[in-house]
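Have a look at the structure below, then the notes.
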Amino acid sequence: MPLLIAATPLGNPADASARLIAAIASAQIIAAEDSRRFHRLASDLDVKFSATIISFFEGNEEERTSEVLSLLKEGKEVLLISDAGMPTISDPGFKLIRAAIGEGIALTVLPGPSAVTTAIALSGFPTDRFAFEGFAPRTSGAREKFYETLRFESRTTVFFEAPHRLVDSLATAEKVLGSVREICICRELTKQYEEIVRMSLGAAVKWSQSKEILGEITIVLAGVAEIAQAKSEAEIVARVKSLESVGMERKAAISAVADELGIPKRLIFDAMVAAKSTESDLN
């Protein structure tokens, strides 16, 4: 029997597919991230099941994987589901799927909701190319490095953030990426209190500080213009100096280059500081 990998609704039970409902009803084993949430979903869908429920979450995935593999080899029909969305997308399931492939066990995916693609579609940002970064880092230092990697990212980027870390995360993003970078924050997708806000990072920081943030958070960050992504720090410094050479003050030159390239002034200022430090080391 194949391993069934099924997407579950993000919040609205009406988004459940007919295939998911049928799989719940017929499965012999259901590996669920949270058994309580699964029972709530089954109740909302008014679907009866006779399957044995196995708790399958991040903390026990490695241990449970061998157990589930044994059941599959015995010919049991196993349905893998997470709390919401597609298993393995920042949810348990990757280790099991890799192991099943290694054992030659067939896989069947029951497509359905995904917070990643839902948020990107809602953002209004380009969707021809995008990057998914999972959850933003928890610690301040790692979070700053994370946003540093997105300075010149031209693709739309989507990632998850915990509500209690959102204020600090957005503040770090503004510090690294500047105030004008566009962002879309999606809260409680498909649920009763769904909220979608589209604004600059500077405005987003103020928004997050003005209210209590609760629920699941998906963030979509606009990419920078290709021209900005293609420019090296040396080219940026050279452009500022060329404007200074014709009589423009540095502050004005930095603002002009920021407008020209479509990148935050802070990035240009940092490039100028780094160039000055390099020149000092050489002298």
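The values are calculated or read from the model by the stated rules, or taken from the named source; none is laboratory data. Everything quoted here is computed from the prediction, not taken from an experiment. We place every Cβ from the backbone using ideal geometry, glycine too, and count neighbours over all the protein chains shown.
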TODO: List every residue pair whose Cβ atoms lie under 8 Å apart, where the two residues are 6 or more positions apart in sequence or sit on different chains, the first residue falls within the range 127-144 and is aliphatic (A, V, I, L, M), and the second residue, located anywhere, is surrounded by 13 or more Cβ atoms within 10 Å (Cβ to Cβ) and in a strand (DSSP E or B).
DONE: A131/T156; A131/T157; A131/V158; A136/F159; A136/F160; A136/E161; A136/I219
Task: Residue satisfying condition, being among the basic types (K, R) and either surrounded by 15 or more Cβ atoms within 10 Å (Cβ to Cβ) or in contact with a strand residue (DSSP E or B) (Cβ under 9 Å, 6 or more places away or on another chain) (or both), within set K145, K191, K211 - done: K191
Open item on the list: I'd like to verify a number: residues in the range 148-175 that are basic (K, R) and in a loop (DSSP other than H, G, I, E, B), how many?
Closed with: 2
- [ ] Just name the residue that is surrounded by the fewest Cβ atoms within 10 Å (Cβ to Cβ) out of those in the range 214-241 that are polar (S, T, N, Q) and at pLDDT below 90.
- [x] S232
- [ ] List every residue pair whose Cβ atoms sit under 9 Å apart, with the two residues 6 or more apart in sequence or on different chains, where the first one lies in the range 93-122 and is at negative phi and of a type in the set (S, T, Y) and the second, anywhere, is surrounded by fewer than 16 Cβ atoms within 10 Å (Cβ to Cβ) and at pLDDT below 95.
- [x] T108/P2; T117/T127
Task: Scope the range 64-86; condition of a type in the set (A, V, I, L, M) and part of a helix (DSSP H, G or I); matching residues - done: V68, L69, L71, L72
Task: Residues (out of contact with any strand residue (DSSP E or B) (no Cβ under 8 Å at 6 or more places or on another chain), farther than 19 Å from K206 by Cα and hydroxyl-bearing (S, T, Y)) located in the range 148-178 - done: T149, S154
TODO: Examine the range 44-63 for a residue that is of a type outside the set (D, E, K, R), in contact (Cβ under 8 Å) with a residue 12 or more places away in the chain, assigned to a strand (DSSP E or B) and closer than 30 Å to Y193 by Cβ, and state whether such a residue exists.
DONE: yes
Task: R129 vs. criteria at pLDDT below 95, under 27 Å from I268 (Cβ atoms) and surrounded by 15 or more Cβ atoms within 10 Å (Cβ to Cβ) - done: no
